[in-house]
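The numbers here are math on the coordinates, done by the rules we state, and not lab data. What you see is a predicted model, and the numbers here were worked out from it, not measured in a lab. FYI the Cβ positions are ideal-geometry reconstructions off the backbone, even for glycines, and counts take in every protein chain you see.
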Amino acid sequence: MLNMDMIGRLKPEEPTLIVSGVGTSDAWKITMDFIKPSGMKIKTTESGVGPSDHTSFCLKNIPVLHFFSGTHNDYHKPSDDEALINYKGELDILNYMITLIDKLDDKGKISFIKTKEEQNEDAPRFKVTLGVVPDYAFEGEGMRIDGVSDGKPAAKAGLLAGDIVKQIGDHKVLDMMSYMKALGKFSKGEKATVTLLRGKEEKKIEVEF
């Protein structure tokens, strides 16, 4: 199952396509190794479980890939208008997917592999939100903020797009998973000190959830 979810906003200045689910079949990795995509970098994750339609298929032991061009400041807002679509980037993604399908074997079925995330035992349970859009294409240490939602804890505390969250309270943030696990430790009304990098400067900002 190939899931296209938000593939129209490939960033021209840093074109990165995020492909999740590559661990759900050995056929994905073998095939993708032979494809050189046009005009973009590919960032992959193993798990076939995530916040989109492919999850239901993966949980039924069907190999999946989730294609995603990243979040943006217009996400879920009226400002997310047609003129902002990167048509060339979208076409590059579609051509990459077509090439991938074409390179698969023609047996009609590929093997399924269950990755550890499908067990979902350690999935964080959220009682609070920081109110930011993470930059899923970020490859450094921490969680880089791609957008801040008005009226949410991050906006009220003064967090900005581009900030890299390194720690929430006593909980270090190394990547998206540790960021989500850190959020899962807090309840509504609690306060926490968020340690972040803004440019080269480290800042500590108190946030109330």
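Below, the figures for the structure above:
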| item | result |
| --- | --- |
| Point-charge dipole on Cβ atoms (K/R +1, D/E -1) for segment 1-102, about Cα centre, debye to 20 | 220 |
| Bridge type composition, the chain - antiparallel percent by DSSP, nearest 5 | 75 |
| Mean projected area (nm²) of the alpha-carbon convex hull when the chain is viewed from all directions | 12.5 |
| Segment 111-209: Cα Rg divided by the 2.2 N^0.38 Å rule of thumb | 1.11 |
| Crossing angle, helix 87-103 versus the chain [Cα axis fit, 0-90 degrees, rounded to tens] | 50 |
| Relative packing of peptides 140-150, 7-17 - highest average C-beta neighbours within 10 Å first | 140-150, 7-17 |
| Rounded Å value of the spacing that divides the Cα centres of segment 38-61 and segment 130-209 | 24 |
| Column: log10 I(q)/I(0), Debye, Cα scatterers of segment 1-78, q = 0.14 Å⁻¹ | -0.47 |
| Cα-centre dipole for segment 132-208 with unit charges at Cβ (Lys and Arg positive, Asp and Glu negative), debye to 20 | 220 |
| Amide H contacts of Val194 (H built 1.01 Å from N, under 5 Å, at least 5 apart or other chain) | Gly169, Ile205, Glu206, Val207 |
| Hits among lysines - C-alpha to C-alpha of Lys109 under 18 Å, sequence gap 8 or more where chains match | Lys29, Lys60 |
| Under 13 Å from the Cα of Lys203 - aspartates and glutamates, other chains or at least 8 residues apart | Asp163 |
| Total charge dipole magnitude, the chain, about the Cα centre, Cβ charges on Lys, Arg, Asp, Glu only, Debye to nearest 20 | 520 |
| Most to least packed among 166-173, 32-39 [average Cβ atoms within 10 Å] | 166-173, 32-39 |
| Estimated 222 nm signal from helices in the chain, with DSSP H stretches of n ≥ 4 weighted -39500 (n - 2.57), rounded to 500 | -5500 deg cm²/dmol |
| Pairs beyond 24 Å (Cα-Cα), from Lys77/Lys114; Lys43/Lys116; Lys116/Lys185 | Lys77/Lys114 |
